[in-house]
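The values are calculated or read from the model by the stated rules, or taken from the named source; none is laboratory data. Since the structure is predicted, the reported quantities are computational estimates derived from the model, not experimental observations. Quick reminder, even Gly has a Cβ in these numbers, built from the backbone with ideal geometry, and neighbours come from all protein chains shown. The area values use the complete protein model at the heavy-atom level, side chains included, leaving out ligands, DNA and RNA. Shrake-Rupley method; radii C 1.70, N 1.55, O 1.52, S 1.80 Å.
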Amino acid sequence: MPLLEIENLSVNYGAIQAVRGLSLHVDEGEVVTLIGANGAGKTTTLRAVSRMIKPVAGSIRFGGRDITRIPTDEAVKLGIAQSPEGRQVLARQSVQDNLELGAYTRKSAADVRADIAKMYERFPRLGERRGQLAGTLSGGEQQMLAIARALMSRPKLLLLDEPSLGLAPIIVREIFTIIRELNDQGTTILLVEQNAKLAMNSSHRTYVLEAGQMTFNGNSAELVGDERVLHAYLGG
Ligand code: ATP
């Protein structure tokens with residue numbers, strides 16, 4: 001059964017139609033990638049799912065429930081968390097404060113503390129820097145913090161926007177290893193990634209977006225090397 005089902009989704013910014021009649025689904029346990037050229041509507045799709053932006057048409061279902069119009073914090077409570085593009089950690093707050101803020105919808109302080117300890121095990125570099133202001137972390141460390149912060153809400157579905165952006169290859173490999181581990185441990189992931197090859201090698205299925213519409217999709221393993229993927233980036 002699909003965990004996430006998007007049907008005929010359209011999102012506008014004023015006169016700009018950023019997403020036009022998009023349908024896709026993500027099954028429980030999958031890693032699904034959205035790829036496409038700049039401005040194709042990938043980030044907008046994630047923001048519609050995390051309820052940060054209002055669609056003009058279409059529906060979004062999560063675990064069988066219609067979430068098209070619920071508020072963002074309700075989506076977090078249901079199990080949807082987004083690690084945004086450009087990381088967007090709270091620069092003037094410490095690593096620890098950022099993680100605590102990621103758990104804002106949770107009630108048990110003891111559980112939150114235990115989960116923060118787990119994050120420090122998974123991301124030892126964050127543990128070493130727990131008192132450091134997030135804005136002074138390196139790019140890779142900020143990306144790890146953004147992912148860890150999203151995980152603090154214990155999401156069923158993790159939305160990852162361009163996790164490799166601006167990072168050195170060795171850090172990118174590290175981040176994608178973590179993505180694979182998270183998925184092995186049961187987190188379903190919808191991933192937006194500019195690096196198409198990396199994304200397809202790290203996901204079960206891929207959707208290709210062009211100008212706000214889905215042009216084709218398939219098993220990632222079958223799409224690697226498909227020249228239509230290249231065309232999507234070259235714009236035709
Ligand atoms: P990229 O790979 O460059 O991040 P993307 O596929 O994630 O691109 P979106 O960020 O979803 O694309 O943008 C889709 C379209 O919507 C673009 O044409 C963009 O200029 C436009 N857009 C996005 N955000 C806004 C906004 N806040 N106001 C107006 N237009 C916007």
Residue count for the stretch 204-231, restricted to those that are open to solvent by 20 Å² or more (accessible area, probe 1.4 Å) and either part of a loop (DSSP other than H, G, I, E, B) or free of Cβ contacts under 8 Å to residues at least 12 places away in the same chain (or both): 9
Matching option when the condition is in contact (Cβ under 8 Å) with a residue 24 or more places away in the chain and under 24 Å from Glu227 (Cβ atoms), among Ala37, Ala57: Ala37
Any hit, the stretch 64-78, residues being in contact with a helix residue (DSSP H, G or I) (Cβ under 6 Å, 6 or more places away or on another chain) and among the charged types (D, E, K, R): no
Evaluation of Phe176 against (1) open to solvent by less than 10 Å² (accessible area, probe 1.4 Å); (2) touching a strand residue (DSSP E or B) at 6+ places or on another chain (Cβ under 8 Å) (one fails), failing number: (2)
